[in-house]
1. In whole angstrom, note down how far apart the Cα centers of the stretch 204-218 and the stretch 12-84 are.
2. Determine which residues of the stretch 50-73 fall in the zone a paramagnetic label at Arg85 would reach in this model, i.e. backbone nitrogen under 12 Å from the point 7 Å along Cα→Cβ.
3. Could you work out the percent of alpha carbon pairs in the chain separated by over 42 Å, rounded to a whole number?
4. If you filter the stretch 264-335 for chymotrypsin sites (Phe, Trp or Tyr not before Pro), then keep DSSP loop positions with at most 16 other Cβ within 10 Å, what is left?
5. How would Asp290, Asp352, Asp47, Asp10 line up from fewest to most surrounding beta-carbon atoms within 10 angstrom?
6. At a Förster distance of 56 Å, what's the computed FRET efficiency of Arg142 paired with Glu60, Cβ-Cβ distance as r, to 0.05?
7. Where Lys and Arg each count +1 and Asp and Glu each count -1, what net charge lies around Asp164 among other residues with Cβ under 10 Å from its Cβ?
8. Counting residues in the stretch 193-367 as N, plug N into 2.2 N^0.38 Å and put the Cα Rg over that result.
Amino acid sequence: MANGYRIGFDLCGTDAGKSGISTEIRNFLAQFVQQAPQHEYHLVGLDEDREAYVQGVYEETPNVHFHEVPGKYGSPSKNIYWHMRHLPKLAQSLQLDAFYITAGNRRGARLPGIPVIASIPDLWNKTMKGKFGFARQFYLDRVLPRYIKQAEGLTAISAYTRDDMVDHYGIPAEDIVVTPLGCDRSIFKPAPLEEAQAFLAQHPKGIPTPFIAYAARIEHPAKNHIDLVRAFEILKREHDIPHALLCPGKPWPGSEPLYEVIDQSPYKDAMHFPGLVKADYIAAMFQAADVAVSPSLYEGFGLPVIEAMACGAPMVVSNIKIFDEVAGDAALKFEPGKPEQLAEQMWKLLSDATVREDYRKRGLENAAKFTWERSGRLTLDVIEREIQKQRDRKAH
């Protein structure tokens, strides 16, 4: 392609459309294709990745090509092996100018003569021990850091994640470009309350309003649903609120302690966990919610916070460092492990229309700062810069 580059785009290790990183992948890819149509994009992934990211979207796009990783490399351990053993051959055969690893905290590769650009969403393996089994943890702790340090280009989705990389891997901060995530304004935007309520009422997984909302995979303890359940019980018991609790998200292994707490709750019939839902459902939920919450113990960014704010939902978030960066003073905060404090902050929003409106406006102003256009351009700049540096080296 004249004046264009051949860029590999790794889809593996991104949960195939089933978690927050999938939103990042869809939007980064869309921005690449939109902002730099002169390049060719060679997508590499399993068949489930093709279904999640390509099917019905890029099949007729002439500069987007999909290359399937054999299904026998579907498990995380075997997929990691494929990246180390077989990806270099594929990259050479495709004559790639660069390879972009979209989940650089899960996969690594060295490609002789081809710059690797790794995007790091978070360092869960360093901050939330026990999330993975021994073999995978060993790879993440001992093997993957070498790939990250040797990557020609590095990006992080937040300054918080960049600082984690500096602390844990000793990488100079100036070698990491921060590419804050964005918000799809075509979906996540304010809407009339009646319209959002009507959508949810007609949806098979919808519930009657009013409700309190939390969008996250059902993962214990990282997403900290238990604090929210306990706080919800306090609000029910002490203030007799008419609200339900609505928590969509893909169930994750190891969440049995949460389900035990729910089963024992006298208010379990008011708690709804509809599982994985599409973006239009999440948007309608945030548009109709009286309060949205993010009680996480750890996030690399916390995109649902921005999406909720963009829909006009007043927010309460956990008092963790990343939310200072992402939410600032546009959300009320509570200390994780103190559900009574979370209940108090939610009650401030539920009981006072003036406070609720104030935080709704703050959230809308804050969300406007985050755009996928900026994220995509910053990332493309890193990829194109590393390609040019490689060409300059070869020329000399």
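None of the figures in this text is laboratory data; all of them are computed from the coordinates on show. Predicted model, so just to flag it, every value in this text is computed and none were measured. All Cβ positions, glycine included, derive from the backbone under ideal geometry; neighbour counts span all protein chains shown.
1. 29 Å
2. Within reach of a label on Arg85: 72-73.
3. Working: 10852 of 78210 pairs.
Cα-Cα pairs of the chain separated by over 42 Å account for 14 percent.
4. Working: sites: Tyr267, Tyr281, Phe286, Tyr298, Phe301, Phe323, Phe334; in loops: Tyr267, Tyr298, Phe301.
Sites meeting the loop and neighbour criteria: Tyr267.
5. Values: Asp290 19, Asp352 11, Asp47 15, Asp10 28.
The fewest-first ordering by Cβ neighbours comes to Asp352, Asp47, Asp290, Asp10.
6. Numbers: r = 43 Å, r/R0 = 0.77.
So, using R0 = 56 Å, E works out to roughly 0.80.
7. With Lys, Arg at +1 and Asp, Glu at -1, the neighbours total 0.
8. Numbers: Rg = 14.5 Å, N = 175, 2.2 N^0.38 = 15.7 Å.
With N residues counted in the stretch 193-367, Rg over 2.2 N^0.38 Å equals 0.93.
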